[in-house]
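Structure first, commentary second.
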Amino acid sequence: MKIKLLSALLLSCALAGSAFAAGKTYTIKFAHVVAASTPKGKAADFFAKRVGELSGGAIKVEVYPAASLMDDDRVFAALKLGNVQMAAPSFSKFTPIVPQFQLFDLPFIFRDNAHLYTVQDGEVGQALKDMIAKKGFIALDFWDAGFKHFSSSKKPIVEPADAKGQKFRIQSSKVLEEQIKVVGGNPQVLPFSEVYPALQQGVVDATENPLSNFYNSKFYEAQSSLTLSGHGYLGYLVVMSEKFWKGLPDDMKAHVTQALKEATAFEREETAKEEEHILSELKKFASESKKLEIIELNADQKGKWAEAMKPIYPNFYNVIGQDLIEKTINTK
């Protein structure tokens with residue numbers, strides 16, 4: 001009888017414990033710096049909804065878009081402390097802690113979207129994630145910002161020689177500096193918020209941006225030509241607080257991983273849709289205003305640009321790693 005009573009008591013405690021565990025919730029504060037209407041913003045909201053569904057409401061995600069909680073310069077410290085659980089900073093924010101992320105700045109290293117995604121989802125992408133993990137963050141997945149294109153208010157950029165003497169606004173990056181210098185341009189590092197007035201005042205002549213930046217910041221009002229060069233790439237890495245991740249049960253980790261996988265596919269689709277829409281709007285503006293020339297480079301012209309810029313690669317073998325660069329190039 002005593003054994004039966006003890007067994008019943010133990011079973012009762014186990015069931016109570018299970019009920020308690022089942023009722024536990026986990027809150028994720030997801031901070032990012034772009035508008036909720038952008039592909040990244042939509043994907044963050046998609047993830048929040050999907051992980052809630054998969055976890056049966058056990059994981060609740062609070063999304064803070066447009067730097068409403070904090071900007072990406074502060075988010076790494078917040079992730080370390082566990083004050084923020086998720087973020088999706090641009091690659092440029094990672095280069096100070098993992099210089100190998102400058103791989104994404106190398107011109108013409110990615111042939112197209114298919115090649116890019118194969119690299120990110122394969123051995124090279126995992127190697128970069130592992131480097132981030134060693135810095136105390138959980139690297140989850142890569143999100144898109146899009147390929148970059150040249151634009152100018154001075155002279156259409158068609159051949160590499162057209163870059164000579166032009167003042168190019170760039171992000172802070174040694175790779176981007178070398179990229180512009182090798183074709184005779186003059187690189188100028190400026191915060192993105194200062195680019196539009198700099199174009200108006202002639203402080204800079206040219207820029208390199210994804211179509212979304214060029215369109216949403218209305219650079220087409222200040223520049224006379226857009227060259228669809230696709231020479232470079234901008235992207236984001238979704239990261240999570242290591243402290244928070246370690247506190248998640250395995251089944252909750254699986255829900256996060258699955259929801260993010262779906263959100264990544266969604267984000268890539270949204271980026272492609274947005275670029276198609278923006279290009280259509282820019283072509284309409286160009287046709288109606290006669291103030292913007294849109295130049296689409298053919299394969300031979302892109303080949304000339306790649307040939308002119310690729311000689312900078314060896315300059316970064318020691319920083320990025322020759323092996324990483326060659327694996328990227330050779331990825332099928």
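The values are calculated or read from the model by the stated rules, or taken from the named source; none is laboratory data. Please read these numbers as outputs of a predicted model, since none were measured by experiment. Because the Cβ atoms are built from the backbone with ideal geometry, glycine has one as well, and the counts that use them run over all protein chains shown. Note: accessible area is taken over every heavy atom of the protein model, side chains too, but ligands, DNA and RNA are not part of it. Shrake-Rupley method; radii C 1.70, N 1.55, O 1.52, S 1.80 Å.
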Extended-chain gain in nm, criterion 0.36 nm per residue less alpha-carbon gap, K174 and A161: 2.6 nm
Got a sec? What order do T331, T27 fall in by accessible area at 1.4 Å, biggest, i.e. largest, first? T27, T331
Taking amide H positions as placed 1.01 Å from N in the peptide plane, with prolines and chain starts having none, which residues 5 or more places from V61, or on another chain, fall under 5 Å of its amide H? I28
Hey, rough spin-label estimate for E53 and E276, points 7 angstrom out along Cα→Cβ, what's it come to in nanometres? 2.2
Just want to confirm a number: the relative contact order over region 43-159, from Cα pairs under 8 angstrom separated by 6+ residues, in percent. 13
Name the long-range amide H neighbours of L190: under 5 Å, sequence gap of 5 or more, or other chain; modelled H, no Pro or chain starts. I170
Please go through the residue pairs K310/K332; K261/K283; K93/K304; K80/K218; K60/K80; K154/K273 and name each one whose alpha carbons sit more than 26 Å apart in this structure. K261/K283; K93/K304; K80/K218; K154/K273
Explain nothing, just the number: relative contact order of region 26-330, from Cα pairs under 8 Å at least 6 residues apart, as a whole percent. 26
Counting helices only, and only those DSSP H runs with n ≥ 4, report the 222 nm mean residue ellipticity of the chain as the sum of -39,500 (n - 2.57) divided by its residues, in deg cm²/dmol to the nearest 500. -14500 deg cm²/dmol
What are the ³J(HN,Hα) couplings of region 35-49, residue after residue, when phi is run through the Karplus curve with 6.51, -1.76, 1.60 and θ = phi - 60°? Round to Hz, x for glycine and proline. 5, 5, 7, 7, x, 5, x, 5, 5, 4, 5, 4, 4, 4, 5
Heavy-atom accessible area per residue of the chain, all protein chains kept, 1.4 Å probe, expressed in Å², is 48
Checking the cross-link filter: which aspartates and glutamates have an alpha carbon closer than 16 Å to that of K29, excluding same-chain neighbours under 8 positions apart? D45, E62, D71, D72, E242
Explain nothing, just compute: Karplus ³J(HN,Hα) = 6.51 cos²θ - 1.76 cosθ + 1.60, θ = phi - 60°, for every residue of region 104-119 in order, whole Hz, x for Gly and Pro. 6, 7, 4, x, 6, 7, 10, 6, 6, 4, 4, 5, 4, 5, 5, 5
Percent accessible area from carbon and sulfur atoms, the chain, protein chains only, probe 1.4 Å: 54
Not counting ligands, DNA or RNA, and with a 1.4 Å probe, what is K261's accessible surface area in Å² rounded to the nearest 10? 140
For I329 and K181, what is the calculated FRET efficiency with R₀ set at 22 Å and r taken between the beta-carbons, to the nearest 0.05? 0.50
Please compute the length gained on full extension between Q201 and H115, using 0.36 nm multiplied by the number of residues separating them and subtracting their Cα-Cα distance. 27.1 nm
How long is the chain along each principal axis, judged by its Cα atoms, biggest number first, in Å? 94, 44, 33
Sequence-separation-based contact order of region 106-176, relative, with Cα cut under 8 Å and 6+ spacing, percent: 20
Potential extension, F192-Q322 segment - 0.36 nm per residue separation minus Cα distance: 43.7 nm
How much of the pair distance distribution for region 272-321 lies past 18 Å, counting alpha-carbon pairs only, in percent? 59
Counting only the heavy atoms of the protein chains, how much of M309 is accessible to a 1.4 Å probe, in Å² to the nearest 10? 0
For region 217-301: span of alpha carbons on each principal axis (Å, largest first): 59, 29, 20
